[in-house]
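S.K.: Shown below is the structure under consideration.
The values are calculated or read from the model by the stated rules, or taken from the named source; none is laboratory data. Because the structure is predicted, anything quoted here is derived from the model rather than measured. Glycine gets a Cβ as well: all are built from the backbone with ideal geometry, and neighbour counts include every protein chain shown.
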Amino acid sequence: MHDILQKEIALYEKRTPKSAEAHKKAQKRIPLGVASNYRAYDPYPIFVAEGHGSKIKDIDGNEYIDHNLCFGTLMAGHGHPAVVKAVKLMADSGTTFGMPHGMELELAEEICARYPVEMVRFGNSGTEATMHACRIARAATGRDKILRFEGAYHGLHDTALVSVKPKLEDAGDIHAPNSVPGGLGVIKSVLDNVTVATFNDLGSVENRFKQFPGQIAAIILEPILMNVGLCMPQPGFLEGLRALSTKHGALLIFDEVKTGAKLGWGGASEYFGVKPDMITLAKSIGGGVPLAAFGASREVMDLIVQHKVFHGGTYNTNRFAMAAGIAVFREVLTRENYAHVGKLGTKLTEGYRAIVKKNGVQAYVASAGVNGALMFYPQEIRNYRDWLKIDVDIWRQFWFGMVNRGVLAMPYWWDEQWTISVQHTEADIDKHLAVFEEVAPGLAKAQQERGAQFVGAAGH
Ligand SMILES: Cc1ncc(COP(=O)(O)O)c(C=O)c1O
């Protein structure tokens, strides 16, 4: 570990002793001391006391401008007044009945007005949404195989947990990647039914259709690969996938768990002008309350109507989630708010670019909608294997440097990105950039000292 990083971690430990203590205690009863593996990192995670608007406070009393926002779940920001009001009303009048109620249709109408789907079903997490989408695609086509992209994240069910972060030595040919389980316990036969291609490589997709004629039920993808920082689809890639899906009778599933709300008013299909057959939504559509949805044409969703595909769930459409979702679509994800965050996003992105250039940091800035990332590479990455080349210690120096100065620039992990909420202000962005001005010279210095040596150890 190089000097500046060591100093930043020592400062982090000095500022957050109560988090260290809380994490130590939590590990006795909770594996890794956290409720989701993504929340654990060295030396220990920050424990949060409260969040308001664009900021959170930790249990040591330090305040941070929050661009983690629960891994991009809070485009509404913390405690958005419209969400709080809606949820409070429900707390007083019954939260969950296991029976239908009027808000389900209201929210379904909001979703069908924005995204290219005719019918929707609801759930509680992105994992559920992509699991049901894959099952419906298999049912609709009578085929078993799902084609997915190496490095993408679609949640935790077995089909999704293939080739998420494979080690380079296991990954195989870049044009025909191996199906690598994302941990023990993933059923081995699932690997035969999940075939993997490379993002931005249409040839690798075409080859899979040739290899498995009439066997691929669907292509599932994040229209922007957001599990490797932020990796944009190259011109023609999404259009090419649309054409190949249609040609081979497979469904095209856009996993819009992140992009659905955060890319713009109509999600990725509007942003890129490409129409998928199914979409999945979660994270920011719930304003902080667990809410997910999947939708498709009437014809595809008719499989549920005909009782051919089973979908259920005790907590589906609980009224906290429905009320929060309606408030989010009507009062948070408005055209005016997209204009506001768009302005802040441009300011943050351009500010980062100017500071990177001024200091000679070897990095570039990628952004789309309210998301962005400082990417420590000499040129734009196109896929997961490019992303593996990041110098992790330089990224850690960036992250700890920002945190120690009151800016949670993004979630911990170099595969993530920042989110800007509707409650962030120009002053928040000014502070963010002022802090990056302080941190950037040390990054350039450390990069020079380490030489242009990219260690290639990014998988985690
Ligand atoms: C694109 C995408 N799909 C699915 C998921 C899974 O969502 P959840 O964590 O709500 O199960 C995530 C979570 O990060 C995601 O980013």
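S.K.: Are any residues in the range 117-171 of a type in the set (D, E, K, R) and closer than 22 Å to LEU241 by Cα, and if so, which ones?
M.R.: Selection gives GLU118, ARG135, ARG138, ARG143, ASP144, LYS145, ARG148, GLU150.
S.K.: Considering only residues that are within 30 Å of VAL392 (Cβ to Cβ) and of a type in the set (Val, Ile, Thr), which ones fall in the range 206-243?
M.R.: The answer is ILE220, ILE224, VAL228.
S.K.: Criterion first (in a loop (DSSP other than H, G, I, E, B) and either under 22 Å from the mean Cα position of the chain (by Cα) or more than 15 Å from the ligand (Cβ to nearest atom) (or both)) does LEU156 satisfy it?
M.R.: So LEU156 passes the test.
S.K.: Looking at the structure I just gave you, is HIS80 more than 16 Å from the ligand (Cβ to nearest atom), within 20 Å of LEU344 (Cβ to Cβ) and touching a helix residue (DSSP H, G or I) at 6+ places or on another chain (Cβ under 8 Å)?
M.R.: Taking the combined requirement at face value, the residue satisfies it.
S.K.: Taking the range 223-238 as the search range and keeping residues that are without any contact (Cβ under 8 Å) to a residue 40 or more places away in the chain and within 22 Å of the chain's Cα centre (by Cα), which one is farthest from the ligand (Cβ to nearest atom)?
M.R.: That would be PRO235.
S.K.: Only one residue in TYR64, TYR38 is within 30 Å of THR195 (Cβ to Cβ) and either among the aromatic types (Phe, Trp, Tyr) or under 22 Å from the mean Cα position of the chain (by Cα) (or both). Which one?
M.R.: Residue meeting the stated conditions: TYR38.
S.K.: When the range 202-219 is examined, which residues are found to be over 12 Å from SER245 (Cα atoms) and either surrounded by 20 or more Cβ atoms within 10 Å (Cβ to Cβ) or not assigned by TED's automatic domain parsing to the domain that holds THR246 (or both)?
M.R.: Hit for the range 202-219 is SER204, nothing else.
S.K.: Just to confirm my filter: which helices (runs of 4 or more DSSP H) fall fully inside the range 165-222 and include at least 3 residues that are more than 23 Å from the chain's Cα centre (by Cα)?
M.R.: Qualifying helices (runs of 4 or more DSSP H): 188-192, 202-211.
S.K.: A follow-up question, please. For THR195, state whether it is at negative phi, surrounded by 23 or more Cβ atoms within 10 Å (Cβ to Cβ) and either at pLDDT below 95 or hydroxyl-bearing (Ser, Thr, Tyr) (or both).
M.R.: So THR195 passes the test.
S.K.: Given the condition surrounded by fewer than 16 Cβ atoms within 10 Å (Cβ to Cβ), without any contact (Cβ under 8 Å) to a residue 24 or more places away in the chain and closer than 21 Å to TYR38 by Cβ, answer yes or no: does some residue in the range 171-184 qualify?
M.R.: Scanning the range 171-184, I find at least one residue that is surrounded by fewer than 16 Cβ atoms within 10 Å (Cβ to Cβ), without any contact (Cβ under 8 Å) to a residue 24 or more places away in the chain and closer than 21 Å to TYR38 by Cβ, so the answer is yes.
S.K.: Can you tell me which residues in the range 283-315 are under 19 Å from GLY102 (Cα atoms), more than 22 Å from the chain's Cα centre (by Cα) and in contact (Cβ under 8 Å) with a residue 24 or more places away in the chain?
M.R.: Those that are under 19 Å from GLY102 (Cα atoms), more than 22 Å from the chain's Cα centre (by Cα) and in contact (Cβ under 8 Å) with a residue 24 or more places away in the chain: GLY313, THR314, TYR315.
S.K.: Looking at the range 167-179, can you tell me whether even one residue there is within 19 Å of GLU128 (Cα to Cα) and either within 16 Å of the ligand (Cβ to nearest atom) or at pLDDT 95 or above (or both)?
M.R.: Looking through the range 167-179, none of the residues is within 19 Å of GLU128 (Cα to Cα) and either within 16 Å of the ligand (Cβ to nearest atom) or at pLDDT 95 or above (or both).
S.K.: Report whether or not PRO116 is assigned to a loop (DSSP other than H, G, I, E, B), more than 11 Å from the ligand (Cβ to nearest atom) and touching a Lys or Arg at 6+ places or on another chain (Cβ under 6 Å).
M.R.: The answer is yes for PRO116.
S.K.: Follow-up question, since we're still on this one. Among the residues of the range 141-153, count how many are of a type in the set (D, E, K, R) and either within 16 Å of the ligand (Cβ to nearest atom) or part of a helix (DSSP H, G or I) (or both).
M.R.: Qualifying residue count for the region: 2.
S.K.: In the range 316-342, which residue that is charged (D, E, K, R) and in contact (Cβ under 8 Å) with a residue 12 or more places away in the chain is farthest from ARG121 (Cα to Cα)?
M.R.: Once the filter is applied, the top-ranked residue is ARG335.
S.K.: Scan (1) within 16 Å of the ligand (Cβ to nearest atom); (2) touching a residue at least 40 places away in the same chain (Cβ under 8 Å) for the single condition ARG138 breaks and write down its number.
M.R.: Condition not satisfied by ARG138: (1).
S.K.: Still on this model: Can you tell me which residues in the range 246-260 are among the polar types (S, T, N, Q) and more than 15 Å from the ligand (Cβ to nearest atom)?
M.R.: Within the range 246-260, THR246 is the sole residue that qualifies.
S.K.: Moving on. Say whether the condition of being in contact with a Lys or Arg (Cβ under 9 Å, 6 or more places away or on another chain), of a type in the set (Val, Ile, Thr) and away from the ligand (no atom under 16 Å from the Cβ) is met by at least one residue in the range 207-219.
M.R.: yes
S.K.: Given the options ALA113, ALA133, name the one that is in the same structural domain as LEU168 (by TED's automatic domain parsing) and crowded, with 18+ Cβ neighbours inside 10 Å.
M.R.: ALA133
S.K.: Being closer than 21 Å to LYS7 by Cα and assigned to a helix (DSSP H, G or I) is true for just one of ARG396, ARG405. Which residue is that?
M.R.: Exactly one residue qualifies, and that residue is ARG396.
S.K.: Under the condition of being in a helix (DSSP H, G or I), away from the ligand (no atom under 15 Å from the Cβ) and hydrophobic (A, V, I, L, M, F, W, C), which residue from the range 275-310 is farthest from GLY236 (Cα to Cα)?
M.R.: Among them, the one singled out is VAL305.
S.K.: Taking the range 126-135 only, how many residues are of a type in the set (A, V, I, L, M) and more than 11 Å from the ligand (Cβ to nearest atom)?
M.R.: 0
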